[in-house]
Amino acid sequence: MASFFDLRAWQEGHKLVLAVYKVTRSWPNDERYGLTSQTRRAASSITANIAEGFARYHFKDKVRFYYQARGSAAEVQNHLVLAKDLEYITDSQCNDFIAQTIAVSQLINGLVRSIEKQQSVRLV
């Protein structure tokens, strides 16, 4: 892999970020500095942490950033459930977003497993 752009986790995460930005455009203006901002920042943090983890040299650094990305995906889930409960998005939209965040989290888990496997090979 030449860059983080080649990582499927980053690619799918980027799709999620774009979808979050699109859906939050219609949220109430009084949420601009609240839920809208928090949701967008959490979503963009997913791909930012994947990119930063990719650029790190040490295994522990890489894994730490990938775990941060996974945590941000869970944060996005939480914000979107709240948005659904506040009727900013539909149940169907929320379910679609939850499915996307789960898929991204699974891809991040694959990155972590890959890094751990590389580390164990180097130790042998």
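Please treat every number below as a calculation from the coordinates, not as lab data. Fair warning: this is a prediction, and the values are worked out from it, not measured in the lab. Because the Cβ atoms are built from the backbone with ideal geometry, glycine has one as well, and the counts that use them run over all protein chains shown.
Numbers below:
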quantity: 222 nm mean residue ellipticity, helices alone, for the chain (DSSP H n ≥ 4; -39,500 (n - 2.57); rounded to 500); calculated: -28000 deg cm²/dmol
quantity: Convex hull projection area averaged over all views, the stretch 1-45, Cα basis, nm²; calculated: 3.1 nm²
quantity: Rounded tilt (10° steps) of 59-85 against the dominant C-alpha axis of the chain; calculated: 20 degrees
quantity: Structure-derived mean projected area of the Cα convex hull in nm² - corresponding label in [x] 11.3; [y] 7.3; [z] 10.1; calculated: [y]
quantity: Student exercise, the chain dipole from Lys, Arg, Asp, Glu Cβ charges, in Debye to nearest 20; calculated: 560 debye
quantity: Cα-Cα over 23 Å, subset of LYS15/LYS117; LYS62/LYS84; LYS15/LYS84; LYS15/LYS60; calculated: LYS15/LYS117; LYS62/LYS84; LYS15/LYS60
quantity: Where chymotrypsin sites (Phe, Trp or Tyr not before Pro) fall in DSSP loop in the stretch 1-65, at most 13 other Cβ within 10 Å; calculated: TYR33, TYR57
quantity: Which of ALA74, THR36, TRP10, positive extreme of dipole for the chain (C-beta unit charges); calculated: TRP10
